[in-house]
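Engineer: I have a structure here, written as structure tokens, and I will follow up with some questions on it.
Bear in mind that the values in this text are calculations on the coordinates, not laboratory data. Not measured: the values here are computed from a predicted model.
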Amino acid sequence: MKKSIILFLSFVTFAIFFTSCEKDGDVINNYCNCDTVSYVDTIMYYDTIPYYDTIIIIPSDDGIRYIKFESTYSDDDEQVNVYEIQAFYNNINIALNKPATANSTRGGNEAPQSAIDGNANSRWSSDRVDAGPDINNPHYIVVDLNGTYKINSVVVNIQGWDSWKQTFKVYVSKDNLNWNVIGEGDNVTGIFTYNLQW
């Protein structure tokens, strides 16, 4: 089943047109319910990941400095794995080898830095002995771009070589305090691309 979606936002003068969804799904509230519908502040977007890319309208001209991946479930025996986080600005991955921190880590070759080293065969892994991941104790990694950019896209690879499923959200921030959700997944795995429009 293939559906086309036009979202009109009454307080702006633009419309976003999506032709998507090869997967069968019900139509709920005029959305093709293939995966999830998510929000950035009051801006609506349609998330077709992992079947298609996502377009996110950023309601700010301030740019982005921080990217957070936060997981509340992993079917890898409570261990969260992220193989790569990339942030593209003018076709350059500006997240490459930038500082990264996490609230849980196994350390060594599975430290946070392994998620932004440009190697899809390395990964950050959280520690199974830590509480969570769950809604009260999420496991997360934060990448600091060391500057503010109007980035074009964020790519998150949680599939790797083992394809463990996770429930997660991806956030962006300019100050590491106020966060906007740009994507989420519910018990899924894959390589997720979030295209940002300023």
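Engineer: Looking at segment 50-198 only, what percent of DSSP beta bridges run antiparallel? Nearest 5 please.
Structural biologist: 90 percent
Engineer: Expressed as a whole percent, how much of the Cα-Cα distance distribution for segment 64-197 exceeds 18 Å?
Structural biologist: So the pairs more than 18 Å apart make up 47 percent of the total in segment 64-197.
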